[in-house]
Amino acid sequence: MASLRNIKDRITSIKNTQKITRAMKMVAAAKVKKAENAVKTSRPFTFELYKMFSWIYEHVKNDEVEKSKDCKGLENYSALFEKREVNTIGIVVVSSNKGLAGAYCANIVRYALNLIKKYTSEGKKVYVYLIGQKALPSMKSAQNKYNFEIKKTYVNTLDGINSSSAYVVASNLADAYIAKEIDKIELVTTRYKNMMTYITESWPLLPVATNIQELKENHNSELDKELNIQNNATKIEPLSEFIPDIKSVLLKIIPMYVTNIIYQSLLEAQASELASRMTAMSSATNNAEEMISTLTIEYNKARQGKITQELTEIISGVGAVS
């Protein structure tokens with residue numbers, strides 16, 4: 001049996017750790033509510049933007065789309081709509097910059113590697129873009145085994161999430177797609193459900209999905225509920241006039257549309273990460289309490305045993321003297 005001093009030192013150490021985990025739980029709980037509100041506030045705009053873009057695209061004629069070829073990057077909507085034979089795939093993995101969030105990062109990495117394995121088995125070249133540094137070590141160690149290349153890592157994007165940082169990522173990806181370095185781009189992220197649940201999934205990014213039905217088929221059933229899609233597609237009210245003109249409208253809405261997909265994924269991931277950290281720290285705090293209780297009982301037993309032994313020795317000594 002361990003000595004009383006060792007048991008007491010362990011209890012003290014675990015109590016100190018418990019203070020840290022309890023504090024981290026409280027911090028995560030305070031932040032996750034704010035992140036949850038940001039997600040819920042952003043979702044209506046995101047899904048209305050999806051629908052608005054779909055409605056506008058329905059009224060664009062092919063000859064009008066061709067006029068965009070003189071535009072660059074995210075404004076070159078005809079190039080972003082172009083579907084071609086897929087030989088190279090870009091996968092954007094949204095992880096985190098911090099740990100102590102349970103299996104959050106491990107789940108994302110596992111999902112991304114399974115997706116990479118699927119595409120490489122089909123003979124496609126895979127390039128990975130990492131948002132957040134926590135997944136970098138795991139992805140680096142898996143490069144040779146899964147045969148993919150890490151193209152770029154974005155670390156500061158998760159520090160104060162905003163549309164500007166999302167735009168930088170969107171611009172880089174759009175440039176790679178238009179240059180035909182990559183034929184298809186997907187996002188691997190998490191969709192926040194509630195304080196206890198998130199879903200790891202992939203979202204299509206480029207080529208741009210051009211109608212609500214295509215969005216429905218590419219995303220999971222949660223998008224269905226948000227968009228309130230019935231049967232095959234959402235009915236579109238006729239649009240007769242674009243001010244100043246259709247090209248100008250698309251030049252504004254396409255960068256916003258693609259950027260917003262990334263921005264929404266960052267918000268969803270942030271809320272999921274904080275909820276996972278809060279749950280993990282809550283579990284760690286409870287486990288520490290159980291360990292303290294167990295060690296306290298062990299300490300009391302050892303102390304009682306030592307007292308009993310000392311009494312026995314005293315009684316034996318008295319008997320010997322008598």
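Taking the criterion of being under 24 Å from K33 (Cα atoms), at pLDDT below 85 and assigned by TED's automatic domain parsing to the domain that holds C105, would at least one residue in region 131-141 satisfy it?
Checked against the condition, which is being under 24 Å from K33 (Cα atoms), at pLDDT below 85 and assigned by TED's automatic domain parsing to the domain that holds C105, region 131-141 yields no hits at all.
Restricting attention to region 1-59, and to residues there that are assigned to a loop (DSSP other than H, G, I, E, B) and not aliphatic (A, V, I, L, M), which single residue is nearest to T259 (Cα to Cα)?
Start the filter on region 1-59 by keeping residues that are assigned to a loop (DSSP other than H, G, I, E, B), which leaves 1-3, 59.
Narrowing further to those that are not aliphatic (A, V, I, L, M): 3, 59.
Working: S3: 61, H59: 22 Å.
The extreme case among them is H59.
Quick one: N220 ticks every box in (1) in contact with a Lys or Arg (Cβ under 9 Å, 6 or more places away or on another chain); (2) modelled with pLDDT of 60 or more; (3) closer than 21 Å to V92 by Cβ bar one, so which box is it?
(2)
Here is a check on your reading of the model: is T210 in contact with a helix residue (DSSP H, G or I) (Cβ under 9 Å, 6 or more places away or on another chain), assigned to a loop (DSSP other than H, G, I, E, B) and modelled with pLDDT under 50? Let's see the steps before the verdict.
On the way: in contact with a helix residue (DSSP H, G or I) (Cβ under 9 Å, 6 or more places away or on another chain): yes; assigned to a loop (DSSP other than H, G, I, E, B): yes; modelled with pLDDT under 50: no.
No; evaluated as a whole, the condition is false for this residue.
Listed here are the residues, each with its yes/no results for (1) surrounded by fewer than 21 Cβ atoms within 10 Å (Cβ to Cβ); (2) outside the structural domain of T46 (by TED's automatic domain parsing).
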site: K247; (1), (2): yes, no
site: L250; (1), (2): no, no
site: Y263; (1), (2): no, no
site: L267; (1), (2): no, no
site: T285; (1), (2): yes, yes
site: N300; (1), (2): yes, yes
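If I ask for residues that are modelled with pLDDT of 85 or more and among the charged types (D, E, K, R), which ones from region 154-192 would you list?
The answer is D175, K180, E181, D183, K184, E186, R191.
Taking region 75-119, which residues are in contact with a strand residue (DSSP E or B) (Cβ under 6 Å, 6 or more places away or on another chain) and either at positive phi or among the hydroxyl-bearing types (S, T, Y) (or both)?
Passing the criteria: T88, Y111, Y119.
The values are calculated or read from the model by the stated rules, or taken from the named source; none is laboratory data. All of these numbers come straight from a predicted model, not from anything done at the bench. All Cβ positions, glycine included, derive from the backbone under ideal geometry; neighbour counts span all protein chains shown.
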